[in-house]
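The values are calculated or read from the model by the stated rules, or taken from the named source; none is laboratory data. Keep in mind that what you see is a predicted model, and the values were worked out from it rather than measured. Note: ideal-geometry Cβ built from the backbone for every residue, glycine included; neighbour counts use all protein chains shown. With ligands, DNA and RNA removed, areas are computed over all heavy atoms of the protein, side chains included. Shrake-Rupley method; radii C 1.70, N 1.55, O 1.52, S 1.80 Å.
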Amino acid sequence: MPNQLTDHVTLRHGATLNNRIVMSPMQTHSGLKGGFASDDTIQYYSARSQAAGMLITEFHYVSENGGPAYVPGYPEQLGAYSDAHLEGLRKTAQALKKDGNKAILQIHHAGRAAVGRHVNGLDVVAPSAVDFSFLDYPVRELTLTEIDDIILDFGKATKRAIDAGFDGVEIHGANHYLIQQFFSKLSNLRTDKWGGSLDKRMAFPLAVVKEVKAIVDEYAPKDFIIGYRISPEELHGKNVGYDYKEALKLISEVIKYELDYIHLSLWAGYNSKPENSKKSYAELFKEILDDKTKLLIVGGIFEEDTATDAIENYADLIAVARGTLIDPNFAKKVTEGKGDTILHKISPETVEYSHLTPGLLEAFSREDSLGLLPLPGGESIRTLHTGKYDI
């Protein structure tokens, strides 16, 4: 019998998920200055406590020089780089866990994408000082000491996640942030132990995984969850940062640390394939995983039918981004047999139900490609169709 969305799933270290649906990490545009959680942050996550069996927060930066990665004018990205963030982290974990589902803190360093540092007149750090055409600010190469400190910061953020009551952490190694920047030969031009050959480009991601695992082994409950997110390829036209074959080699090393899951970020869709491949990314990565490491995929899942196809044919767990952003009760409706009532767009009538933060509403109102709808009081919001807008 094929996998079912409503299956209970027990992970490697003993944590059991109530279903195979995962809430994908999505920026809430709700942080206060310094990366602190706001009331809007907590209300947003509290409303989504039944969105999935496993709920992954938006990215939290682990080092003070690792964020914020945000568009100027919006509220800030959330942080986990100091003990001062613990109160907000505890409230977030409690909000997500209140209905018995698992809460995961995504930990991250933006590297060259820390736009907020540039806006605030601070230097932006990266593996190498590459002058990228898509950046309107310079980046500075990290020193060896700074690299060591960032690795330790991932561990410290993991300890804060444990202390705050999260059920796990997800290491964000995807979407062009610092971990991926070290893995990419386009952004990592170093000639020391952190760059050059494939093995050296793999060194930083693996050092982060090793540090996180060590902290978990020492301080966390036995069933604490560890995941790793990766973009399976980095392609810029004819320029290749890395291909899926190199990514497979990295993940083959990552899973030696006995993680609970690998999370593939698939912007072209959950069933997408590399060029000239008969197999999908999901199939290729599934082949290299041991039988205890679950495969989680995200991309193009908007309703119950596509989520069912993904689970039956591609992966162990399916992450839903826009679907859970628009309908906070996505998994609850599926498990109750009401999948046909899942909302697929935002309208003036559904804004309150969706419990979006003011920052998200402002972000959508600036999106020119979406249709304008009037709201009471003269405000405006763009229609958010799950098939059109990528979060």
Antiparallel versus total DSSP beta bridges in the range 120-274: what percent is that, nearest 5?
20 percent
Karplus-derived HN-Hα couplings along the range 316-331 (A = 6.51, B = -1.76, C = 1.60, θ = phi - 60°), whole Hz, x at Gly and Pro:
7, 9, 10, 8, 10, 9, 4, x, 7, 5, 7, 10, x, 10, 3, 5
When averaged across all projection directions, what area in nm² does the alpha-carbon convex hull of the range 39-182 cover?
8.6 nm²
Per q in 0.19, 0.21, 0.25 Å⁻¹, report the Debye log10 I(q)/I(0) for the range 324-363, using one uniform scatterer on each alpha carbon and no solvent.
-0.54, -0.64, -0.82
Just the number: Rg to Rh for the range 93-176, Cα atoms, Kirkwood Rh, two decimals.
1.08
How do 159, 338 rank by accessible surface area computed with a 1.4 Å probe, from largest to smallest?
338, 159
Straight-distance crosslink candidates among aspartates and glutamates, where the alpha carbon sits under 13 Å from residue 200 and sequence neighbours closer than 8 are dropped
192, 246, 253
Relative contact order (%) - criterion: Cα under 8 Å, at least six apart; region: the range 202-327:
20 percent
Would you rank 149, 260 by solvent-accessible area, highest first, keeping every protein chain in place and using a 1.4 Å probe?
149, 260
Could you put 1, 54 in order of accessible surface area, largest first, with the 1.4 Å probe and the full protein assembly present?
1, 54
For residue 341 and residue 7, FRET efficiency with R0 = 25 Å and r from the beta-carbon atoms, rounded to 0.05?
0.70
Given H placed on each backbone N at 1.01 Å, which residues far from residue 140 in sequence or on other chains put an amide H within less than 5 Å of it?
124, 125, 126
Measure of compaction for the range 6-88 (Cα Rg per 2.2 N^0.38 Å):
1.24
Relative contact order of the range 107-154, pairs being alpha-carbon contacts under 8 Å that are 6 or more residues apart, as %
30 percent
Relative contact order for the chain, counting Cα pairs under 8 Å that sit 6 or more residues apart, in percent:
17 percent
Diffing the range 184-193: the Karplus 3J(HN,Hα) column from phi (6.51, -1.76, 1.60, θ = phi - 60°), in whole Hz with x for Gly and Pro, holds 8, 6, 7, 10, 10, 10, 5, 10, 9, 5
Surface/4 estimate of mean projected area, convex hull on alpha-carbon atoms of the chain, nm²
18.4 nm²
How much solvent-accessible surface does residue 130 expose, in Å² to the nearest 10, with a 1.4 Å probe and all protein chains in place?
30 Å²
Rounded to whole Å and ordered largest first, report the semi-axes of the equivalent ellipsoid of the range 201-325 derived from its Cα gyration tensor (root of 5λ).
24, 20, 13
Karplus-derived 3J(HN,Hα), 6.51/-1.76/1.60, for each residue of the range 130-143, Hz, glycine and proline x
8, 8, 7, 5, 8, 10, 9, 8, x, 10, 10, 6, 5, 7
When each pair of different Cα atoms in the range 106-231 is counted once in the 1/r mean, what is the Kirkwood radius in angstroms, to one decimal?
15.1 Å
Can you give me the Rg/Rh ratio for the range 68-112, using Cα atoms for both radii and the Kirkwood formula for Rh?
1.03
Okay, helix-only estimate at 222 nm for the chain: each DSSP H run of n ≥ 4 adds -39500 (n - 2.57), divide by all residues, round to 500 deg cm²/dmol; what do you get?
-9000 deg cm²/dmol
